Amino acid sequence: MAGAIIENMSTRKLCIVGGILLVFQVIAFLVGGLIAPSPTTAVPYMSVKCIDVRKNHHRTKWLMPWGPNHCKKLKDFDEAVSRQIEANDIVFAVHIPLPSKEMSPWFQFMLFIMQLDIAFKMDNDLKENAEITLDVSLAYRDDMFDDWQEIAHAIEIRKLKCTFGSPKTVESEGRHYDCDFLPFMEIGSVAHKYYLINIRLPVNDRKGINVGIGEIKDIRLVGIHQNGGFTKVWFAMKTFLTPSILIIMVWYWRRITLMTRAPVLLEKVIFALGISMTFINIPVEWFSIGFDWTWMLLFGDIRQGIFYAMLLSFWIIFCGEHMMDQNERNRLSGYWKQVGPIAVGSFCLFIFDMCERGVQLKNPFYSIWTTEVGTELAMAFIIVAGICLCLYFLFLCFMVFQVFRNISGKQSSLPAMSKARRLHYEGLIFRFKFLMLITLACAAMTVIFFIVSQVTEGHWKWGDITIQVNSAFFTGIYGMWNLYVFALMFLYAPSHKNYGDDQSNGDLGVNSGEELQLTTTITHVDGPTEVYKLARKEAQE
């Protein structure tokens, strides 16, 4: 009778916790959908053609497109020809942001892509596989009357990929090519109020620089930055979730250390998963509001990579530890074939990220995709990581199949087992199926919301209510994986309650060899988990 009362309390507790987690999950989606604005904003910029007759002085003289000290402007290149102004004396100037506005550290990052307006002309046609050379400079200031301070200067080469939809005849002169967008610049912080970009297209017929690139009419930029309102909501979520996961981690590890045995492998992996989740949650981004930390994008990628690698490793080890008759459990070395591809794939993606965003810390105009060698290197890293990911999922599917085959075999022999042994295996089976269901639901929701965010316009409008789909995707999925880790540590924390004599070794009715198999799983004679207690209740009923 006392055991039934305890099990009823455990069941109610699980139901209450499950309901609370579901409420928090809904809140996470609603915070992004109803409170936060769209995650990013795209701002188009049209460059202004400035005249700079001072040769080799562009590093010390910055040309402003507007304002009290604006440059001498050209309306178009026909005016330049009539005034005998050379191409090397023309600078394309872009001021960020637009007039009467300021940038803010809450924008977090700036990403720019370039579009060239190239007109067809019979005597200046665009050659196949043409490359354009850009002499670009970036500067900043925090007051409209301060001097510009240089951030970066580089000479970059971009490949032009353009198509022309009409026959190349005299009648088609003046029509524009359809050119792909070009990667231009990425900065990992927005620490200043004003930015200035000066772009030159140096021409050198002898060296073949900027020859055969067609007649460039204009240079357009599209700047993308994170919305300040979304940043504040995102920081608030991180600030709230960090202590939540830390508290459950301390509680979980304290439960384990109070046991008379050493922690088993699955317990250690769950704790490591909690550490990696905490590493993502810690809101170090708050410091980016006051400091010019351009490495925050790279740091964020590394944090996410560690978490995903730990999550994939956990799924493999979780399946392996639930192969109930496997002798090589509770040892990390027994999973080297499955964990190896995860390590190799993660390392390849890390090297790729260092080659891209790592270099951008010194040169924000750099892109690994702009050269043949860089493209081949990047594709090699991505392909190797993709192969490792495919191998991982093959191993995972095989292990899941083995576990379910084991489960089917055990279920057929459950009635012949002693009560304690039958309850033990029923606990393992219920726990595995329960977590597999939650895992599949989390993975499915991640994929579904990602697809929805890509195919929709970014928001849904129901009457007077506007739901930001993209923001809901970010906050909801982020909250979901936090709740997933929270639930793991709660459900798999050992219990220290006394359930009577039926939990003693003698009543299990198994020999020492069988007992060794039982203790290599998370459910130990020192105390069952919350899910195991729930399984006992269902088995008794």
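What to note about this one:
- Among the residues of the stretch 210-246, those that are assigned to a strand (DSSP E or B) and open to solvent by 50 Å² or more (accessible area, probe 1.4 Å) comprise 217, 220.
- Of the residues 137, 166, 100, the single one that is outside any loop (DSSP other than H, G, I, E, B), hydroxyl-bearing (Ser, Thr, Tyr) and either open to solvent by 60 Å² or more (accessible area, probe 1.4 Å) or over 15 Å from residue 215 (Cα atoms) (or both) is 137.
- For residue 360, the test of being assigned by the TED database to the domain that holds residue 312 and open to solvent by 30 Å² or more (accessible area, probe 1.4 Å) is failed.
- The stretch 248-280 - residue that is open to solvent by 20 Å² or more (accessible area, probe 1.4 Å) and of a type in the set (Ser, Thr, Tyr) and, of those, modelled with the highest pLDDT: 257
- The residue list 314, 307, 318 contains one member that is under 30 Å from residue 363 (Cα atoms) and either aromatic (Phe, Trp, Tyr) or in the same structural domain as residue 350 (by the TED database) (or both), which is 307.
- Residue in the stretch 69-97 that is most open to solvent (accessible area, probe 1.4 Å), counting only those that are part of a loop (DSSP other than H, G, I, E, B) and under 30 Å from residue 192 (Cβ atoms): 72
- Verdict on residue 183 being under 23 Å from residue 150 (Cβ atoms), outside any loop (DSSP other than H, G, I, E, B) and open to solvent by 30 Å² or more (accessible area, probe 1.4 Å): yes
- Of all residues in the stretch 140-163 being of a type outside the set (A, V, I, L, M, F, W, C) and in contact (Cβ under 8 Å) with a residue 60 or more places away in the chain, the one that is least open to solvent (accessible area, probe 1.4 Å): 158
- Which numbered condition residue 100 fails, given (1) free of Cβ contacts under 8 Å to residues at least 12 places away in the same chain; (2) farther than 20 Å from residue 190 by Cβ: (2)
- Contacts under 8 angstrom Cβ, first residue in the stretch 394-415 being within 17 Å of residue 439 (Cα to Cα), partner outside any helix (DSSP H, G or I) and open to solvent by less than 50 Å² (accessible area, probe 1.4 Å), 6 or more apart: 399/323; 403/322; 403/323
- Within the stretch 286-328, considering residues that are among the acidic types (Asp, Glu) and either closer than 14 Å to residue 265 by Cβ or at pLDDT 90 or above (or both), the one farthest from the chain's Cα centre (by Cα): 328
- From 342, 383, 368, residue being among the β-branched types (Val, Ile, Thr), surrounded by 17 or more Cβ atoms within 10 Å (Cβ to Cβ) and free of Cβ contacts under 8 Å to residues at least 24 places away in the same chain: 368
The values are calculated or read from the model by the stated rules, or taken from the named source; none is laboratory data. Since the model is a prediction, treat every value here as computed from it, not as a measurement. Quick reminder, even Gly has a Cβ in these numbers, built from the backbone with ideal geometry, and neighbours come from all protein chains shown. We work out accessible area using only protein heavy atoms, side chains counted, and drop any ligands, DNA or RNA first. Shrake-Rupley method; radii C 1.70, N 1.55, O 1.52, S 1.80 Å.
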